[in-house]
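The next block holds one structure in the form of structure tokens; read it before the comments.
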Amino acid sequence: MIYELRTYDLRHRSVPEFGRRTAEKLAGRLEYSSLGGFWHAEVGRPLNQVVHIWPYDDLSQRADIRARAVADGKWPPDNTEFILNMQSEILNPAPFMTPLGERKIGPLYELRTYTYSPDDLPRVIDAWAQVIEEREKLSPLAGCWYTEIGPLNRFVHLWAYNSYEERVRVRKEALDSGVWPPPTDAVALRQENKILTPFEFSPMQ
């Protein structure tokens, strides 16, 4: 299983119309494969950004589905006028990740992206595997991946919270209890995060 993480930067105030047009076409696209999730940025840099994740069996299936959806006129939505920049990354799931599907675990999602040296990333994944079960007792891990195609050595994790207040409480409790972060001497070279909220048509809410 692979996941495609697509990030679009949009023109100011175009996110609602982008979402409306996407919703109109989505049923046709879902005839070919499922959607993992579809969000827009609420806090972070830049704003006016949408993030969507699509699971595939492999790169061959991805190429076939995308070609057929376009040829049949089912996809993409007519949103070109709103898009300033597009980025696509192919991700492998961490071994402890729950596959994406319909879940109501938000409505606040935090997408965190850490860049490590090539030697450190496998050790980080192993350290997470040892303690993730305890961490998820505080709040659910919505997804966790590492890049296969795109900017390499990136570790991408998506956390779900009920509210901003819960996020603050959970992060403090995890730190105070020693549950989190996982013990490792690997140090991220770069860290980024953004707060996302789901569109109404996203299977993850």
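For the subset of region 35-62 comprising residues that are exposed (fewer than 14 other Cβ atoms within 10 Å of the Cβ) and closer than 11 Å to Lys194 by Cα, which member is modelled with the highest pLDDT? Taking the candidates together, the pick is Val43.
The set of residues from region 160-173 being closer than 25 Å to Ala41 by Cα and either of a type outside the set (Lys, Arg) or at pLDDT below 95 (or both) comprises Ala160, Tyr161, Asn162, Ser163, Tyr164, Glu165, Glu166, Val168, Val170. Report yes if Trp145 is under 13 Å from Leu5 (Cβ atoms), buried (at least 16 other Cβ atoms within 10 Å of the Cβ) and touching a residue at least 40 places away in the same chain (Cβ under 8 Å), otherwise no. Against the criterion (under 13 Å from Leu5 (Cβ atoms), buried (at least 16 other Cβ atoms within 10 Å of the Cβ) and touching a residue at least 40 places away in the same chain (Cβ under 8 Å)), Trp145 qualifies. Taking region 62-87 as the search range and keeping residues that are basic (Lys, Arg) and free of Cβ contacts under 8 Å to residues at least 60 places away in the same chain, which one is farthest from Gly19 (Cα to Cα)? Among residues in region 62-87 that are basic (Lys, Arg) and free of Cβ contacts under 8 Å to residues at least 60 places away in the same chain, the one farthest from Gly19 (Cα to Cα) is Arg68.
Going by the conditions given, is Ala69 modelled with pLDDT of 95 or more, part of a helix (DSSP H, G or I) and buried (at least 18 other Cβ atoms within 10 Å of the Cβ)? Considered against the rule, which asks whether it is modelled with pLDDT of 95 or more, part of a helix (DSSP H, G or I) and buried (at least 18 other Cβ atoms within 10 Å of the Cβ), Ala69 comes out as yes. Inside region 87-114, residues that are closer than 15 Å to Leu158 by Cα and either β-branched (Val, Ile, Thr) or part of a helix (DSSP H, G or I) (or both) make up a count of 3.
The values are calculated or read from the model by the stated rules, or taken from the named source; none is laboratory data. Keep in mind that what you see is a predicted model, and the values were worked out from it rather than measured. Every residue, glycine among them, receives a Cβ derived from its backbone with ideal geometry; neighbour counts consider all protein chains shown.
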